[in-house]
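One structure is given here, and the rest of the page talks about it.
Any read-out appearing in this document is the output of simple, stated calculations on the displayed coordinates, not a laboratory observation. No experiment lies behind these values; they were computed from the predicted model shown. Here the Cβ positions follow ideal geometry from the backbone for every residue, glycine too, while neighbour counts run over all protein chains shown.
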Amino acid sequence: MTSEIISSKELSKADPVFGQNSFDDHEQIVFCHDKDTGLKAIIGIHSTVLGPALGGTRMWDYKNEWEALNDVLRLSRGMTFKSAITGLNLGGGKAVIMGDAKTEKTPELMRRFGEFVHSLSGKYITAEDVGMETEDMDTVREVTPYVTGISQNKGGAGNPSPITAYGVFMGMKAAAKFKFGSDVLEDKNVLVQGIGNVGEALVEHLSNEGANVTISDINQERLEEVSSKYGVKIYNGDEIFSKPMDIYAPCALGATINDDTIYKLQAKIIAGAANNQLADENKHGRLLQERGIVYAPDFLINAGGIINVYAELENYDRQEIMRKTENIYNTTLEILDNAKANDLTTHEAAFGIAQERIETRKRENSK
Ligand code: NAD
């Protein structure tokens, strides 16, 4: 009856969760609140077809609940396809905690969050993401076993970021091989946006290879620290996308490839760690293809971190982690070749393979 008397715009307001554009048949969305610690969190479980939904927890000072919900819906969906394309027996999940990680994160809040994770009995397994450190995962571990990325001295695989950065580096080299005919990054102009845990480790790989690296971040202190440590340049302008560059490596937050930036972008390759780099996967994927910009799909090349935390569940050793992460090079090259041969966007090519794996498992499970 309501649908007859209110407009479709109002209807989407009336359907605050399942009606969101970012909602994509997620299995479960859990809103968590604790007055005493000030915890406000959302856990998104997109799919458990391939296994338990594993994905990090992000703490961010979201403008409002819509922004937080949108983020967790997009991120958890991305995890499903990341694990699927990497060949891991994991589903996709993610959690967001609303608040400033620098001022509002406390051990009590993390423990309370851990209790909510525990209440899902292993259907969701957490790890670190933006705003989280290995110590926070150790705190969560005090109340639940359903957490990965804990300290090595506590039996975990430690901070996944260096492995993520290594995988991104491999994916970037594969994209360079595809675009320039050589995977050597020496003298290539690379802009790394966001020099946090992953960004800094990527800067190190690039510097070691002799790339011409420029960094950008909203944190001036970090910029100066990383710049002096690796001798790289700082970008201080406000037209970052118009800057001539060979490779753009988004390592901050998602959706930096959007209607505003896509026509300005001067890069020949996009290869970075951030999740959900394309604001609209189909539209912006197609526009990049038309502009001849090679996009190394984010969920494919930033999988090093999930490989690292998966090792905690499967007892892989370091060698196996590195081998699987290095293989991102081969998979990326295959996907880029496949996209070209079939006139697909690189996102479509990667997504298609991931989706096929999920559909096959679904069929097997229903037998
Ligand atoms: P981090 O919090 O350590 O670093 C993020 C950095 O980005 C910070 O230095 C921050 O100041 C900067 N930043 C934020 N907004 C910015 C902006 N508008 N412009 C420039 N810089 C900005 O996070 P991280 O662990 O390094 O992760 C980086 C990205 O990679 C995230 O999108 C994360 O989801 C993704 N990712 C991380 C991992 C991992 O193993 N840590 C794995 C897969 C994907």
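Descriptive notes on the structure:
- Whole-Å distance, taken between Cα centres, linking segment 24-79 and segment 198-261: 28 Å
- Rg over Rh, two decimals, segment 229-367 (C-alpha only, Kirkwood Rh): 1.02
- Of LYS188/LYS264; LYS105/LYS188; LYS324/LYS362; LYS82/LYS283; LYS35/LYS362, those spanning more than 28 Å from alpha-carbon to alpha-carbon: LYS105/LYS188; LYS35/LYS362
- For the chain, built as a Gaussian network whose Cα springs stay under 10 Å, the top-fluctuating residue of THR80, THR164, THR256: THR256
- Magnitude of the charge dipole for segment 49-123, about its Cα centre and with charges confined to Cβ atoms of Lys, Arg (+1) and Asp, Glu (-1), is about 280 debye.
- Length released on extending from ASP15 to GLN266, taking residue separation times 0.36 nm less the Cα-Cα span: 86.4 nm
- R0 of 51 Å, Cβ-Cβ distance ASP343-ASP36: FRET efficiency to nearest 0.05: 0.35
- Euclidean distance of C-alpha centroids, segment 265-283 and segment 298-367, integer Å: 18 Å
- Label point distance in nm, LYS154-ASN315, each placed 7 Å from Cα along Cα→Cβ: 2.2 nm
- Candidate aspartates and glutamates for bridging to LYS367, where Cα separation is under 20 Å - those fewer than 8 sequence places away on the same chain excluded: GLU356, GLU359
- Farthest toward positive dipole pole in the chain [+1 Lys/Arg, -1 Asp/Glu at C-beta], among ILE301, ALA165, ALA127: ILE301
- Per-pair calculated FRET efficiency, R0 = 22 Å: ASN89 and GLU359 via Cβ, rounded to 0.05: 0.90
- Solvent-free Debye calculation, one equal scatterer per alpha-carbon of the chain: log10 I(q)/I(0) at 0.06, 0.10, 0.15 Å⁻¹ equals -0.21, -0.61, -1.39.
- Normalised per residue, the volume of the convex hull around the Cα set of segment 23-146 (Å³): 92 Å³
- Derived scalar couplings ³J(HN,Hα) [segment 89-95; Karplus, 6.51 cos²θ - 1.76 cosθ + 1.60; whole Hz; x for Gly, Pro]: 8, 9, x, x, x, 6, 9
- Normalising the average separation of contacting C-alpha pairs (under 8 angstrom, six or more residues apart) by the number of residues puts the relative contact order of segment 46-178 at 25 percent.
- Most mobile listed residue (MET322, MET137, MET170) in the chain, GNM with C-alpha springs under 10 Å: MET322
- Full extension of the chain between GLU65 and SER119 gives 17.2 nm of extra length, using 0.36 nm per residue less the Cα-Cα distance.
- Amide H to amide H distances under 5 Å link HIS46 with GLU27, GLY92, GLY93, LYS94, where only residues 5 or more positions off or on other chains count and H is placed in the peptide plane.
- Gaussian network model of the chain, springs between alpha carbon atoms under 10 Å - residue of SER227, SER121, SER83 with greatest fluctuation: SER121
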